[in-house]
1. Assess whether Lys477 counts as being within 27 Å of Ala77 (Cβ to Cβ), free of Cβ contacts under 8 Å to residues at least 60 places away in the same chain and in a helix (DSSP H, G or I).
2. Quickly run through segment 448-474 and pick out the residues that are among the charged types (D, E, K, R) and either at pLDDT 95 or above or assigned to a helix (DSSP H, G or I) (or both).
3. Quick one: in segment 361-405, which of the residues that are touching a strand residue (DSSP E or B) at 6+ places or on another chain (Cβ under 9 Å) and in a loop (DSSP other than H, G, I, E, B) is surrounded by the most Cβ atoms within 10 Å (Cβ to Cβ)?
4. Show the residue pairs meeting these rules: Cβ distance below 6 Å; 6+ apart or different chains; first residue within segment 190-204 and at pLDDT below 90; second residue of a type in the set (Phe, Trp, Tyr) and outside any loop (DSSP other than H, G, I, E, B).
5. Any residue in segment 142-151 that is more than 30 Å from Lys41 (Cβ to Cβ) and at pLDDT below 90?
6. Return the residues of segment 186-212 that are part of a helix (DSSP H, G or I) and more than 28 Å from Glu268 (Cα to Cα); say none if nothing qualifies.
7. Do we have any residue at all in segment 327-339 that's of a type outside the set (A, V, I, L, M, F, W, C) and closer than 29 Å to Lys481 by Cβ?
8. When you go through (1) crowded, with 22+ Cβ neighbours inside 10 Å; (2) under 18 Å from the mean Cα position of the chain (by Cα); (3) not in a loop (DSSP other than H, G, I, E, B) one by one for Pro445, which number turns out not to apply?
Amino acid sequence: MERHVPGNLSDNENLNEALPIDVLPCSNGEFIPRPASREEKLIMGVADDATNDMARKFGMPRRQFVRTAAAYAIGLAAINQVRDLTFGSYKAGAHSATTAACDLEFPEAQLGNMPGEFIFDVQSHHVESDGTWRVTNPVMEGFFTGVWSQSGPLGGVPGVRSDNSVRGFGAGEIDPIENLSRFHYMKELYLDSSTTMCVLSAVPSDPDNQPLPLERAALTVRTVNDLAKSRRCVMHAFVMPNRGSVGTTSTTLGRAPVFQQAEFDAMEENAVKYHDMLVGWKTYPAWGDVPYASGWYFDDDLGLAFCEQVQRVSQKYGVPPVIATHKGFALPAFDQRAASPRDIGPAARQYPGVRFIVYHSGYDSQTEGPYPGDDNVNSADRSVNAFVKSLRENRWDASRFIKPGLKFGNVPNVWAEIGSTWRSVMNDPSQAAHLLGKLITHMGPKRIAWGTDSLWFGSPQSEIVALRTFQMSDQAKALYKLPYGLDGDVDDPTKNALSGSSYLSAHPAVPGWPTDGKAHPERTIRNGIFGRNAAIAYEVDPDAAFHKLNCDDVQKLRDQYIVNQATPKNAAPASSNTLLGPRTAQELIAHRAAAPWSP
């Protein structure tokens, strides 16, 4: 029998043996996961074999080793080993080959923040696991239970090994929906990841069947912030300007949906009631009362009325004029047309005072490559390229806003959020390079926002570690005119933010340009993506917020959580290492038919 060291959480026999970096397809519930590719299965097999070898070498139980920094390095090195690295790769520690990974130290995997980091996750979720919706809306309850069944003790993560065997179980709750609860939200994001601050976002639902009613979301925000003694959590309120519509014919009939005014009145009520934590409005233009036919656009009558109301509420109550909107992934029963980002360009141009956070950046599971040119893209499609085209055809892309003396501009009021999108492409470094390169070029280096869709994917730490270590190849740097890749300065990517000497020859006309001859990691494009870019939209001072962490009880709890454990430095000793979203099309489709919506 193994001897259990008191307090050694990572040696708990109830913890699973899943790998910390899992590249097999997984859905946030808003799209049907595709079958795993040969390369994805091979990556998992390579990482699994190397993990077993290294665990034996260090004399550690596998369930303990998979919670070390070295296990993250092995996962990234496996990606490098299998994928084409023409446009990008991962820095996986001192050794690039998994079999040579002989050091448990891998600083990029640490739970603490790296220099200059402020990780602001602007798309996070949980459900009220004991809410009345589980009684009043049993169909929705069944959807959650079925779709996220693998997170419970009877589930597990299929396909961890190349022979498709299963290692261990899921997050471990008898009731699977408890894995999506407030408790797990706080643990997975604030203890098991390097996340600094979150926006708790909403899912589409009518008011009576909301799996996370706004007052319960507010409880989460208060709980986090009261514990932290600082502002670590804020939230959106869901708005449905098309509630009570009769489908596509609503706008042609020339009248507003029946409950649109009630939605707008609720915006004002919520602005008053939750003024200290409400930072914007969440919308799903592709979702509504009539399946397949209730979509609306920001440049039609419904969308224009909503934008006007956002401005009014901001001016009257001080809520940031932020619209976080779902664009891209579209399930059956969504109005597929309205999931397109076609309307972002015209609406952003017409309402420069409104800040559009475009969730998923229009992505819908395509293979990412270079932008193919305006003539080869239809903005009415669902893709990152369609998002770019929407801005370009409305003369609102980054090239229109380049300041004198610089080579990159930034769209004034549009942010490309990469929740679920980064997770979808990070297993292929070349696709990751094209995704980020296009967004930096056409949205601007200061207009990419970090989001992860957690809890749907469990802890976001693997995504954080991947972005920390991602490197563009020389070919990608040349293609996107980024000589220093993500280490370039967020104001002028042609300068190296990590080399103080590069600032001494910088353009003196750039306001706030450092002239102290020191490195400035807080100014890298990478750290801009991680949170400093979104902080602009949400009116957050990242340095002031980070300074308060010194007396933050959440930070102290995290420190105590990882100190004095038998696990090596930088580990998350009780992380679940479990993706909570549906892994197969069958899992999703079997329950989607009976469900009114998906998170």
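The values are calculated or read from the model by the stated rules, or taken from the named source; none is laboratory data. A quick note: this is a predicted structure, and the numbers were derived from the prediction, not measured. Ideal geometry is used to build each Cβ from the backbone, glycine not excepted, and the neighbour counts take in all protein chains shown.
1. In short, yes.
2. From segment 448-474, those among the charged types (D, E, K, R) are 453, 463, 468, 474; that's our starting set.
The answer is Glu463, Arg468, Asp474.
3. Trp396
4. Qualifying pairs under 6 Å: Leu191/Tyr561; Ala202/Phe238.
5. Yes; the residues of segment 142-151 include at least one that is more than 30 Å from Lys41 (Cβ to Cβ) and at pLDDT below 90.
6. Met186, Lys187, Glu188, Leu189, Tyr190, Leu191
7. yes
8. Answer for Pro445: the failing condition is (3).
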